[in-house]
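The values are calculated or read from the model by the stated rules, or taken from the named source; none is laboratory data. What you see is a predicted model, and the numbers here were worked out from it, not measured in a lab. Cβ placement follows ideal geometry from the backbone for every residue including glycine, while neighbour counts extend to all protein chains displayed.
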């Protein structure tokens, strides 16, 4: 099952409950256009609500780059002054939020350049994998811009306070080995192993009980929510799993020493 958004520059597909979201602008190293920013929330909703994804892989099209970030060639129009910049950043923030708040886990699969807004999309994901070609940078300080505040929150949570400050203040390029040490990356792999590892993790998630995974994601998000609302939602969803068909299936499969077949109900 597949669909296209932003005139084909954002592609979404689902197979065996594994969703994939492709940033498809290889001519500009998969830079994200205004239309792509606008389409990301719609694409994530389609993947989860219509196509049945239980996990989403976010990738750059082609074999070289994740994303060079926002398409700077548009800035003369979309960020020409404070008013247009505020509208543009609101669209950026909505895209980051779509990944952060997706009901299913999101895995960023990173090769080559992962800069600026591309870094923000990766930071909003739940899990990040990269290969040894990956290079990371948050360059607003070198462009005279400020990064959206909510995206900075993602970066701090994903990178850790000290390295986040360094990345934002200097705009320096960071290597994947360093970001494994910081906890930003789960693993740094050889280029030949990245796809296999990403799909293996996604397949494991996709075969687990969807309600359980969703409750866990809500609970993790809730640890950073001072209002306590997300933790309350997670607790309610967790409690509901005990009356679910999947819980009954899990118990029965364990007793019968077979692999459970979960349906998300």
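For residue 108, state whether it is farther than 15 Å from residue 31 by Cα, at pLDDT below 95 and in the same structural domain as residue 49 (by TED's automatic domain parsing).
no
Which of the residues that make up region 188-197 are outside any helix (DSSP H, G or I) and in contact (Cβ under 8 Å) with a residue 60 or more places away in the chain? Let's see the steps before the verdict.
Let us first name the residues in region 188-197 that are outside any helix (DSSP H, G or I), namely 188-193.
The answer is 189, 191, 193.
Listed here are the residues, each with its yes/no results for (1) at pLDDT 95 or above; (2) out of contact with any strand residue (DSSP E or B) (no Cβ under 8 Å at 6 or more places or on another chain); (3) closer than 28 Å to residue 62 by Cα.
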residue	(1), (2), (3)
127	yes, no, yes
130	yes, no, yes
135	yes, no, yes
141	no, yes, no
145	no, yes, no
166	yes, yes, no
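Report, by residue number, each residue of region 161-187 that is outside any helix (DSSP H, G or I) and over 17 Å from the mean Cα position of the chain (by Cα). Outline the logic, then answer.
Initially, region 161-187 is screened for residues outside any helix (DSSP H, G or I), giving 171-175, 183-187.
Scanning region 161-187 gives 171, 172, 173, 174, 175.
Would you check if there is a residue in region 22-40 being surrounded by fewer than 23 Cβ atoms within 10 Å (Cβ to Cβ), in contact with a helix residue (DSSP H, G or I) (Cβ under 9 Å, 6 or more places away or on another chain), at pLDDT 95 or above and more than 19 Å from residue 118 (Cβ to Cβ)?
No: region 22-40 contains no residue that is surrounded by fewer than 23 Cβ atoms within 10 Å (Cβ to Cβ), in contact with a helix residue (DSSP H, G or I) (Cβ under 9 Å, 6 or more places away or on another chain), at pLDDT 95 or above and more than 19 Å from residue 118 (Cβ to Cβ).
Please work out if residue 190 is within 25 Å of residue 56 (Cα to Cα), in contact with a strand residue (DSSP E or B) (Cβ under 7 Å, 6 or more places away or on another chain) and surrounded by fewer than 19 Cβ atoms within 10 Å (Cβ to Cβ). Talk me through it step by step, then tell me what you get.
Numbers: within 25 Å of residue 56 (Cα to Cα): yes; in contact with a strand residue (DSSP E or B) (Cβ under 7 Å, 6 or more places away or on another chain): yes; surrounded by fewer than 19 Cβ atoms within 10 Å (Cβ to Cβ): yes.
Yes; evaluated as a whole, the condition is true for this residue.
Return the residues of region 112-127 that are crowded, with 23+ Cβ neighbours inside 10 Å and either closer than 28 Å to residue 210 by Cα or in contact with a helix residue (DSSP H, G or I) (Cβ under 8 Å, 6 or more places away or on another chain) (or both); say none if nothing qualifies.
114, 116, 117, 118, 119, 120, 121, 122, 123, 124, 125
Working carefully through the options 212, 200, find the one that is in a helix (DSSP H, G or I), surrounded by 17 or more Cβ atoms within 10 Å (Cβ to Cβ) and more than 16 Å from the chain's Cα centre (by Cα).
212
If we scan region 49-70, do we find a residue that is out of contact with any strand residue (DSSP E or B) (no Cβ under 9 Å at 6 or more places or on another chain), closer than 19 Å to residue 203 by Cα and touching a residue at least 12 places away in the same chain (Cβ under 8 Å)?
Checked region 49-70: no residue is out of contact with any strand residue (DSSP E or B) (no Cβ under 9 Å at 6 or more places or on another chain), closer than 19 Å to residue 203 by Cα and touching a residue at least 12 places away in the same chain (Cβ under 8 Å).
Which condition does residue 220 not pass, out of (1) in the same structural domain as residue 16 (by TED's automatic domain parsing); (2) not in a strand (DSSP E or B), if it passes all the others?
For residue 220, the failing item is (1).
Test residue 113 against the criterion of being in contact with a strand residue (DSSP E or B) (Cβ under 8 Å, 6 or more places away or on another chain), in the same structural domain as residue 183 (by TED's automatic domain parsing) and farther than 14 Å from residue 185 by Cβ, and give yes or no.
Details: in contact with a strand residue (DSSP E or B) (Cβ under 8 Å, 6 or more places away or on another chain): yes; in the same structural domain as residue 183 (by TED's automatic domain parsing): yes; farther than 14 Å from residue 185 by Cβ: yes.
So residue 113 fits the description; yes.
Taking the conditions exactly as written (over 24 Å from residue 167 (Cβ atoms) and surrounded by 16 or more Cβ atoms within 10 Å (Cβ to Cβ)), does residue 61 satisfy them or not?
yes
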